[in-house]
Amino acid sequence: MATVTAPADVDTPSGTAAAPAPGSAWSDSEPADAAAADAGPASGGGTGKGGGASGPAAPVTYPLVVEYCPMCGLPPEYCRFNSKSVFAKCKPWLKEAHPQLVPEMFGEGELEAKLAAMAVDGGAATASANAAADAAVASSLSGPKLVKRAGGRSKRVDPEIVIHTDQRKGRKQVTIVVGLDLFDIKLSDAAKACKKAFASGATVAKSADNRDTVEIQGTRAHEFAELVRDKYKVPSELIFVVESKSKKRAFP
Amino acid sequence: MFKRFTVDESVSGQSQIKSSLQRTIRAKILEQLPAIEPYFEDILPKKDKMVLAKVAGHINVVCSPAAEPLFFNVRDGPYCPTLRLLAKYPILLPRMCVDDGAIRHVMQGADVMVPGLKSPRAAIDDVPREAVVGVYGPGKDHPLAVGQALLASSAIRTVDKGVGIENWHFLSDGLWKCPTLS
Ligand SMILES: [Zn+2]
C-alpha cells in the first residue's frame with residue numbers, strides 16, 4: 001500500500017529537481033536581500049518623521065502594495081513555512097509568480113524522508129482499516145490520537161476513556177463519558193447500548209472543550225466501565241473513572 | 001493574544017466612539033508611533049468615525065469605519081498596528097529579525113526567545129525595554145509577528161536565554177484571518 005501512495009507524492013521532489021538554477025539563485029541572493037532589507041526599513045525608521053521616502057536607493061512610498069498567496073493567504077515569502085501539505089498547494093502559484101521563493105535547494109533528502117515516513121503511516125492506517133475491530137483498537141493504542149478542537153485546531157490526546165459524573169438541575173446526576181471516539185466506537189451506538197443496559201436515558205453531547213461525549217442519566221460510572229470493556233473490548237487499563245476529583249483506573 | 005480569536009466568539013462589542021475619545025486615541029497612537037504622522041490621514045482620516053471593538057482579554061481593537069482592524073492595545077497599554085497594516089507601512093515599528101529556525105514557531109504563536117535573535121542571520125534594531133516591535137524573517141519584507149520586547153536590545157545582546165519578544169499577533173492567527181471584523 002505504501003507503494004501506491006508513494007509515486008504521486010514523489011512526483012513533487014522530482015519535479016522540483018528539474019529546476020536547479022532558480023534554487024541556487026535563491027540561496028545565493030538571500031543573504032544580500034537580508035542585508036538590503038535590514039538596511040532599508042532601519043534607516044527609514046530613523047527618518048520616518050521626515051516622510052519615510054528617504055530610502056537609500058529608490059524612494060519608497062507608503063502604503064506598500066502587499067501581495068498575499070491565493071492559496072494560504074500568507075505573504076508569499078512565508079508560504080514555505082506552512083505545513084508540507086499546504087505548501088504543496090501553494091507551489092503551483094508560487095512557481096508562476098515568485099519562482100525564487102520555491103526553495104528547490106532546501107532539504108530534498110529531508111523531503112523524501114518525510115514522504116517515506118508518510119507513506120509508511122498511510123500504509124499502517126489502511127492496514128488497520130482492513131483488519132478487524134480489535135486490530136483497530138490495537139492501532140489506537142500505539143500512540144496519541146489527533147482530536148479536532150474548537151476553531152479547527154487539533155490536539156494530540158492519549159487514547160483513554162474517562163468517565164465522570166456531574167450534577168444537573170437540582171440533585172440529578174449524569175454520567176459523562178469522554179474518549180469513546182478515540183477507540184472508533186460510534187457514540188450513538190454506545191448511547192443506545194446504555195439505554196438498553198441501564199434502562200435510562202443516554203445521549204450524545206458535545207463537551208465544553210468540543211469533545212464528543214455520551215451522557216447517561218444517573219450514576220453509572222462503574223457499570224458503564226464494564227460495558228465498554230466487555231462489549232467494545234477496550235483494554236481495561238485505559239478506562240478511568242473520576243471520583244471525588246481524582247482520576248483512577250476503573251479496574252485496578 | 002489572538003491565537004483563538006474569532007469575530008463571533010471574541011468580540012464582545014463594536015461601536016463608533018465619541019469624537020473626544022477618538023482624539024485621545026489618535027494622540028496616543030501618534031505619540032507611540034511617531035513615524036505614522038505623514039500617513040495618519042491616509043490610514044484613518046480624521047473626519048471618519050473610528051470603530052472600537054472590545055475583545056475578550058481586555059483588548060481594544062481600533063478599526064477603520066469599514067471595520068478593518070488597524071491597531072490594538074491591552075487595557076491602557078501601548079497601541080500596536082495589526083500585521084496587515086504594518087505590512088503596508090513597515091516604518092511604523094522597529095524591526096527585529098529572527099533566525100530562520102524561529103519562523104515556524106513564531107507562526108504558531110511562540111514568543112521569540114533570545115537565541116532566535118542572536119544567530120548570524122538575525123539582526124535587531126536598537127529598542128528600549130517594552131518597545132512594540134515588528135518581527136521579520138531574515139531577508140523578508142513582510143512582518144511575521146508583532147509583539148513587545150521584554151528586554152532592551154542591549155540586554156538581548158548580552159543574555160543567552162529567555163524570552164526576548166512577547167508574541168502579540170502573528171501570521172495566521174485569529175486576527176490575521178479577519179481582514180475585517182464584520
Ligand atoms: Zn501560500
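Hand me the list of strands (runs of 3 or more DSSP E) wholly inside the stretch B:1-117 holding 1 or more residues that are not assigned by TED's automatic domain parsing to the domain that holds B:Thr158.
B:11-16, B:51-55, B:59-63, B:69-74
Looking at A:Gly52, A:Gly46, which is the one that is more than 10 Å from the ligand (Cβ to nearest atom), on the phi > 0 side of the Ramachandran plot and at pLDDT below 50?
Criteria check complete, one pass: A:Gly52.
Do we find that B:Glu68 is modelled with pLDDT under 90 and within 22 Å of B:Asn167 (Cα to Cα) in this structure?
No: the conditions fail for B:Glu68.
Quick one: which of B:Val98, B:Val114, B:Val61 is surrounded by fewer than 22 Cβ atoms within 10 Å (Cβ to Cβ) and touching a Lys or Arg at 6+ places or on another chain (Cβ under 9 Å)?
Being surrounded by fewer than 22 Cβ atoms within 10 Å (Cβ to Cβ) and touching a Lys or Arg at 6+ places or on another chain (Cβ under 9 Å) holds for just one of B:Val98, B:Val114, B:Val61, which is B:Val114.
Is it the case that B:Pro179 is buried (at least 21 other Cβ atoms within 10 Å of the Cβ) and assigned to a loop (DSSP other than H, G, I, E, B)?
It is false that B:Pro179 is buried (at least 21 other Cβ atoms within 10 Å of the Cβ) and assigned to a loop (DSSP other than H, G, I, E, B).
Conditions (1) more than 12 Å from the chain's Cα centre (by Cα); (2) among the polar types (S, T, N, Q), marked per residue:
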{"site": "B:Met107", "(1), (2)": "yes, no"}
{"site": "B:Pro128", "(1), (2)": "yes, no"}
{"site": "B:Gly137", "(1), (2)": "yes, no"}
{"site": "B:Ser153", "(1), (2)": "yes, yes"}
{"site": "B:Ile165", "(1), (2)": "no, no"}
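Go through the stretch A:230-252 and give me each residue that's assigned to a helix (DSSP H, G or I) and farther than 22 Å from A:Gly201 by Cβ.
Selection gives A:Ser236, A:Glu237, A:Leu238.
The values are calculated or read from the model by the stated rules, or taken from the named source; none is laboratory data. What you are looking at is a predicted structure, and each value in this text was computed from that prediction instead of being measured. We place every Cβ from the backbone using ideal geometry, glycine too, and count neighbours over all the protein chains shown.
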